[in-house]
Amino acid sequence: MKLETLGQFGLDYAPCQYGLSRLYFRGPRKSLDGDYVACIGGNETYGRFLATTFTDLMQIQLGRTCVNFGCVNAGIDAYIRDSAMMAACHDAAAVVVQVMGAQNQSNRFYTVHPRRNDRFLRPTAALVTLYPDVDFANFTFTRHMLAVLLLTSPERFELVREELQAQWLHSMQSLLAEIRGPALLLWMAEHAPDDEETIMRSDPLFVSRNMLDEISALTQGYVEIVPSQADLASGAEALIYGPAEAHSAAQMLGLTAHETAAEQMCAVLNTMI
(Lines give C-alpha, C1' and ligand atoms only; values in the text may rest on other atoms or scores of the structure.)
Protein backbone atom coordinates (compact mmCIF):
# COMPACT_ATOMS: atom_id res chain seq x y z
CA MET A 1 0.00 0.00 0.00
CA LYS A 2 1.07 3.57 -0.51
CA LEU A 3 2.61 5.23 2.53
CA GLU A 4 0.21 8.16 2.47
CA THR A 5 -2.82 5.86 2.60
CA LEU A 6 -1.76 4.33 5.93
CA GLY A 7 -2.72 5.63 9.34
CA GLN A 8 -0.10 4.09 11.60
CA PHE A 9 -0.91 3.15 15.22
CA GLY A 10 -4.12 5.15 15.43
CA LEU A 11 -2.87 8.20 13.49
CA ASP A 12 -5.33 8.70 10.65
CA TYR A 13 -4.02 10.90 7.83
CA ALA A 14 -7.43 10.77 6.10
CA PRO A 15 -5.78 10.78 2.64
CA CYS A 16 -7.72 12.60 -0.03
CA GLN A 17 -7.51 14.01 -3.55
CA TYR A 18 -8.67 17.27 -5.10
CA GLY A 19 -10.21 17.61 -8.52
CA LEU A 20 -8.37 15.73 -11.24
CA SER A 21 -5.08 15.64 -9.35
CA ARG A 22 -3.48 12.20 -9.03
CA LEU A 23 -1.63 13.26 -5.90
CA TYR A 24 -2.72 12.17 -2.43
CA PHE A 25 -2.84 14.81 0.29
CA ARG A 26 -3.41 14.81 3.99
CA GLY A 27 -7.05 15.10 4.85
CA PRO A 28 -9.73 15.56 5.77
CA ARG A 29 -10.69 17.00 2.40
CA LYS A 30 -11.66 20.66 2.55
CA SER A 31 -13.75 22.88 0.34
CA LEU A 32 -11.88 25.03 -2.15
CA ASP A 33 -14.75 27.51 -2.29
CA GLY A 34 -14.06 30.91 -0.81
CA ASP A 35 -10.76 32.48 0.24
CA TYR A 36 -8.55 29.60 1.35
CA VAL A 37 -4.83 29.45 2.06
CA ALA A 38 -3.00 26.70 0.15
CA CYS A 39 0.01 25.06 1.80
CA ILE A 40 2.29 23.03 -0.48
CA GLY A 41 5.44 21.15 0.38
CA GLY A 42 6.95 17.83 1.42
CA ASN A 43 7.00 15.78 4.61
CA GLU A 44 6.89 18.68 7.06
CA THR A 45 3.85 20.23 5.39
CA TYR A 46 2.17 16.83 5.25
CA GLY A 47 2.96 16.45 8.94
CA ARG A 48 4.16 12.87 9.06
CA PHE A 49 3.75 11.31 12.51
CA LEU A 50 1.95 14.39 13.89
CA ALA A 51 -1.72 14.61 14.81
CA THR A 52 -1.65 18.41 14.46
CA THR A 53 0.32 20.24 11.76
CA PHE A 54 1.18 23.89 11.17
CA THR A 55 -1.64 23.98 8.60
CA ASP A 56 -4.17 23.01 11.29
CA LEU A 57 -2.78 25.61 13.67
CA MET A 58 -2.82 28.30 10.98
CA GLN A 59 -6.49 27.64 10.27
CA ILE A 60 -7.35 28.22 13.93
CA GLN A 61 -5.24 31.38 14.22
CA LEU A 62 -6.28 32.91 10.88
CA GLY A 63 -9.94 31.96 11.14
CA ARG A 64 -10.03 30.84 7.49
CA THR A 65 -9.65 27.56 5.63
CA CYS A 66 -6.04 26.37 5.28
CA VAL A 67 -5.68 23.43 2.90
CA ASN A 68 -2.85 20.95 3.44
CA PHE A 69 -1.53 20.15 -0.02
CA GLY A 70 1.61 18.56 1.43
CA CYS A 71 2.80 15.35 -0.22
CA VAL A 72 5.05 12.66 1.22
CA ASN A 73 8.59 13.00 -0.20
CA ALA A 74 7.45 15.60 -2.73
CA GLY A 75 9.68 17.82 -4.82
CA ILE A 76 8.70 20.80 -6.92
CA ASP A 77 7.94 18.51 -9.88
CA ALA A 78 4.91 17.02 -8.10
CA TYR A 79 3.21 20.42 -8.23
CA ILE A 80 4.32 22.09 -11.44
CA ARG A 81 3.46 18.94 -13.41
CA ASP A 82 -0.05 18.75 -11.91
CA SER A 83 -2.48 21.16 -13.58
CA ALA A 84 -5.10 20.67 -10.86
CA MET A 85 -2.62 21.77 -8.20
CA MET A 86 -1.51 24.75 -10.24
CA ALA A 87 -5.15 25.77 -10.57
CA ALA A 88 -5.69 25.39 -6.81
CA CYS A 89 -2.65 27.57 -6.10
CA HIS A 90 -3.80 30.15 -8.62
CA ASP A 91 -7.24 30.40 -7.01
CA ALA A 92 -5.99 30.59 -3.40
CA ALA A 93 -6.08 33.79 -1.38
CA ALA A 94 -2.46 33.07 -0.42
CA VAL A 95 -0.01 30.20 -0.84
CA VAL A 96 2.58 28.92 1.63
CA VAL A 97 5.43 27.22 -0.24
CA GLN A 98 7.65 25.04 1.91
CA VAL A 99 11.18 24.93 0.52
CA MET A 100 11.70 21.47 -0.97
CA GLY A 101 15.08 19.96 -1.81
CA ALA A 102 16.72 20.26 -5.22
CA GLN A 103 17.42 16.53 -5.51
CA ASN A 104 13.85 15.37 -6.16
CA GLN A 105 13.27 16.82 -9.62
CA SER A 106 13.88 15.74 -13.18
CA ASN A 107 16.81 17.53 -14.74
CA ARG A 108 19.52 17.29 -17.39
CA PHE A 109 21.12 14.31 -15.63
CA TYR A 110 18.25 12.11 -14.43
CA THR A 111 14.48 11.59 -14.31
CA VAL A 112 12.34 11.15 -11.21
CA HIS A 113 8.87 9.69 -10.72
CA PRO A 114 6.30 12.40 -11.60
CA ARG A 115 4.45 12.08 -8.26
CA ARG A 116 6.82 10.33 -5.84
CA ASN A 117 9.72 12.59 -6.65
CA ASP A 118 12.20 10.83 -4.35
CA ARG A 119 12.09 7.83 -6.73
CA PHE A 120 14.95 7.71 -9.22
CA LEU A 121 13.77 6.39 -12.59
CA ARG A 122 16.67 6.61 -15.02
CA PRO A 123 19.86 8.51 -15.84
CA THR A 124 20.24 10.54 -19.01
CA ALA A 125 23.04 9.96 -21.48
CA ALA A 126 24.80 12.99 -20.00
CA LEU A 127 24.99 11.40 -16.53
CA VAL A 128 26.11 8.03 -17.88
CA THR A 129 28.87 9.80 -19.79
CA LEU A 130 29.86 11.77 -16.70
CA TYR A 131 29.88 8.64 -14.48
CA PRO A 132 30.77 5.64 -16.68
CA ASP A 133 32.05 3.87 -13.55
CA VAL A 134 28.61 3.79 -11.84
CA ASP A 135 25.88 1.17 -12.36
CA PHE A 136 22.65 3.15 -12.20
CA ALA A 137 20.52 0.00 -12.12
CA ASN A 138 21.37 -0.23 -8.42
CA PHE A 139 19.37 2.85 -7.42
CA THR A 140 15.75 3.35 -6.44
CA PHE A 141 15.99 6.64 -4.56
CA THR A 142 17.58 9.93 -5.57
CA ARG A 143 19.38 10.46 -2.25
CA HIS A 144 21.11 7.08 -2.42
CA MET A 145 22.17 7.68 -6.00
CA LEU A 146 23.54 11.14 -5.26
CA ALA A 147 25.43 9.93 -2.20
CA VAL A 148 27.19 7.31 -4.33
CA LEU A 149 28.01 9.88 -7.02
CA LEU A 150 29.51 12.19 -4.42
CA LEU A 151 31.60 9.39 -2.94
CA THR A 152 32.74 8.22 -6.39
CA SER A 153 33.95 11.64 -7.54
CA PRO A 154 33.43 14.87 -5.58
CA GLU A 155 34.86 16.81 -8.53
CA ARG A 156 32.38 15.45 -11.07
CA PHE A 157 29.60 15.73 -8.52
CA GLU A 158 29.93 19.51 -8.57
CA LEU A 159 28.49 19.48 -12.10
CA VAL A 160 25.48 17.51 -10.88
CA ARG A 161 24.94 19.80 -7.90
CA GLU A 162 25.13 22.92 -10.08
CA GLU A 163 22.56 21.44 -12.48
CA LEU A 164 20.19 20.61 -9.62
CA GLN A 165 20.48 24.10 -8.21
CA ALA A 166 19.87 25.72 -11.61
CA GLN A 167 16.85 23.48 -12.20
CA TRP A 168 15.49 24.27 -8.73
CA LEU A 169 15.64 28.00 -9.44
CA HIS A 170 13.89 27.55 -12.79
CA SER A 171 11.19 25.32 -11.27
CA MET A 172 10.53 27.67 -8.38
CA GLN A 173 10.22 30.60 -10.76
CA SER A 174 7.69 28.61 -12.82
CA LEU A 175 5.74 27.65 -9.70
CA LEU A 176 5.54 31.18 -8.33
CA ALA A 177 4.50 32.53 -11.72
CA GLU A 178 1.29 30.47 -11.44
CA ILE A 179 0.31 31.94 -8.06
CA ARG A 180 -2.13 34.85 -8.26
CA GLY A 181 -2.29 35.84 -4.58
CA PRO A 182 0.52 36.50 -2.09
CA ALA A 183 3.13 33.75 -1.77
CA LEU A 184 4.96 33.03 1.49
CA LEU A 185 8.18 31.00 1.36
CA LEU A 186 8.83 28.68 4.31
CA TRP A 187 12.21 27.18 5.23
CA MET A 188 11.56 24.46 7.81
CA ALA A 189 14.58 22.30 8.64
CA GLU A 190 16.91 21.31 11.44
CA HIS A 191 19.71 23.32 9.82
CA ALA A 192 19.97 26.79 8.35
CA PRO A 193 20.69 27.33 4.64
CA ASP A 194 24.35 26.89 3.63
CA ASP A 195 25.10 24.55 6.52
CA GLU A 196 27.68 22.41 4.69
CA GLU A 197 27.89 19.80 7.45
CA THR A 198 24.33 18.64 6.77
CA ILE A 199 24.21 19.03 2.99
CA MET A 200 23.79 15.28 2.32
CA ARG A 201 22.08 14.40 5.59
CA SER A 202 18.88 16.39 5.93
CA ASP A 203 16.46 18.19 3.64
CA PRO A 204 16.21 20.50 1.83
CA LEU A 205 19.30 19.39 -0.08
CA PHE A 206 21.46 21.81 -2.12
CA VAL A 207 19.35 24.92 -1.48
CA SER A 208 21.71 27.76 -0.57
CA ARG A 209 21.08 31.11 1.08
CA ASN A 210 21.78 32.86 -2.24
CA MET A 211 19.15 30.72 -3.97
CA LEU A 212 16.61 31.55 -1.27
CA ASP A 213 17.38 35.25 -1.55
CA GLU A 214 16.77 35.10 -5.31
CA ILE A 215 13.46 33.29 -4.95
CA SER A 216 12.32 35.28 -1.91
CA ALA A 217 12.46 38.41 -4.05
CA LEU A 218 9.59 36.90 -6.07
CA THR A 219 7.39 36.33 -3.00
CA GLN A 220 5.66 38.54 -0.46
CA GLY A 221 7.28 36.98 2.60
CA TYR A 222 9.85 34.52 3.96
CA VAL A 223 9.81 32.58 7.23
CA GLU A 224 12.78 30.55 8.44
CA ILE A 225 12.23 27.89 11.09
CA VAL A 226 15.39 26.25 12.50
CA PRO A 227 14.52 24.71 15.89
CA SER A 228 17.00 24.58 18.75
CA GLN A 229 18.07 21.22 20.11
CA ALA A 230 15.76 21.79 23.09
CA ASP A 231 12.82 22.49 20.76
CA LEU A 232 13.63 19.42 18.69
CA ALA A 233 13.61 17.26 21.81
CA SER A 234 10.38 18.69 23.23
CA GLY A 235 8.62 18.64 19.86
CA ALA A 236 9.54 15.02 19.24
CA GLU A 237 7.41 13.95 22.21
CA ALA A 238 4.28 14.50 20.09
CA LEU A 239 5.41 12.27 17.23
CA ILE A 240 3.35 9.11 16.81
CA TYR A 241 5.14 6.14 15.22
CA GLY A 242 5.93 2.47 15.56
CA PRO A 243 9.32 0.75 16.00
CA ALA A 244 9.82 0.26 12.27
CA GLU A 245 9.30 4.00 11.68
CA ALA A 246 11.76 5.29 14.26
CA HIS A 247 14.41 6.25 11.68
CA SER A 248 11.94 8.23 9.55
CA ALA A 249 10.37 9.88 12.59
CA ALA A 250 13.80 10.99 13.83
CA GLN A 251 14.09 13.17 10.72
CA MET A 252 10.89 15.10 11.46
CA LEU A 253 10.93 18.35 13.43
CA GLY A 254 8.04 17.73 15.81
CA LEU A 255 5.17 19.78 17.18
CA THR A 256 7.19 22.68 18.62
CA ALA A 257 8.54 23.59 15.17
CA HIS A 258 5.03 23.45 13.72
CA GLU A 259 3.70 25.72 16.45
CA THR A 260 6.48 28.24 15.81
CA ALA A 261 5.96 28.06 12.04
CA ALA A 262 2.21 28.63 12.35
CA GLU A 263 2.68 31.63 14.66
CA GLN A 264 5.25 33.31 12.45
CA MET A 265 3.44 32.62 9.18
CA CYS A 266 0.13 33.89 10.54
CA ALA A 267 1.82 37.11 11.65
CA VAL A 268 2.96 37.64 8.06
CA LEU A 269 -0.23 36.44 6.39
CA ASN A 270 -2.39 38.73 8.51
CA THR A 271 -0.72 41.65 6.76
CA MET A 272 -1.33 40.14 3.31
CA ILE A 273 -4.91 38.85 3.23
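Annotations for the structure displayed:
- Of LEU185, ALA38, TRP168, farthest towards positive along the dipole that unit charges on Lys, Arg, Asp, Glu beta carbons give the chain: ALA38
- FRET efficiency, 1/(1 + (r/R0)^6) with R0 30 Å, evaluated for GLU155 and ASN210 via beta carbons: 0.85
- Accessible area (Å², per residue) of segment 107-151, counting only protein heavy atoms and a probe of 1.4 Å: 51
- Pair ALA126, HIS170: separation of 7 Å Cα→Cβ label points (nm): 0.7
- The helix-based estimate of mean residue ellipticity at 222 nm for the chain, built from -39,500 (n - 2.57) per DSSP H run of four or more residues and divided by its residue count, is -10500 deg cm²/dmol to the nearest 500.
- Largest mean-square fluctuation among CYS16, CYS71, CYS89, in a Gaussian network model of the chain whose springs join Cα atoms under 10 Å apart, belongs to CYS16.
- Rounded to the nearest 20 debye, dipole of the chain from Cβ charges on Lys, Arg, Asp, Glu: 960
- Between the listed residues THR53, ALA267, ALA233, the Cα displaced farthest toward the positive end of the dipole of the chain, a dipole computed from Cβ unit charges relative to the Cα centre, is found at THR53.
- Label-to-label distance for ALA230 and ARG180 is 4.6 nm, based on points extended 7 Å past Cα in the beta-carbon direction.
- For ARG156, neighbours were defined as the other residues whose beta-carbon sits under 12 Å from its Cβ, and their charges (Lys and Arg +1, Asp and Glu -1) total -4.
- Overall form of segment 183-251 per C-alpha gyration tensor (a/c, 1.5; a/b vs b/c): prolate
- Where labels lie 7 Å past Cα in the beta-carbon direction, separation of SER248 and LEU20 in nm: 3.1
The values are calculated or read from the model by the stated rules, or taken from the named source; none is laboratory data. This structure is a prediction, so every number in the text was calculated from the model and none was measured. FYI the Cβ positions are ideal-geometry reconstructions off the backbone, even for glycines, and counts take in every protein chain you see. Each accessible area value is taken on the protein alone, full model and side chains, heavy atoms only, with ligands, DNA and RNA left out. Shrake-Rupley method; radii C 1.70, N 1.55, O 1.52, S 1.80 Å.
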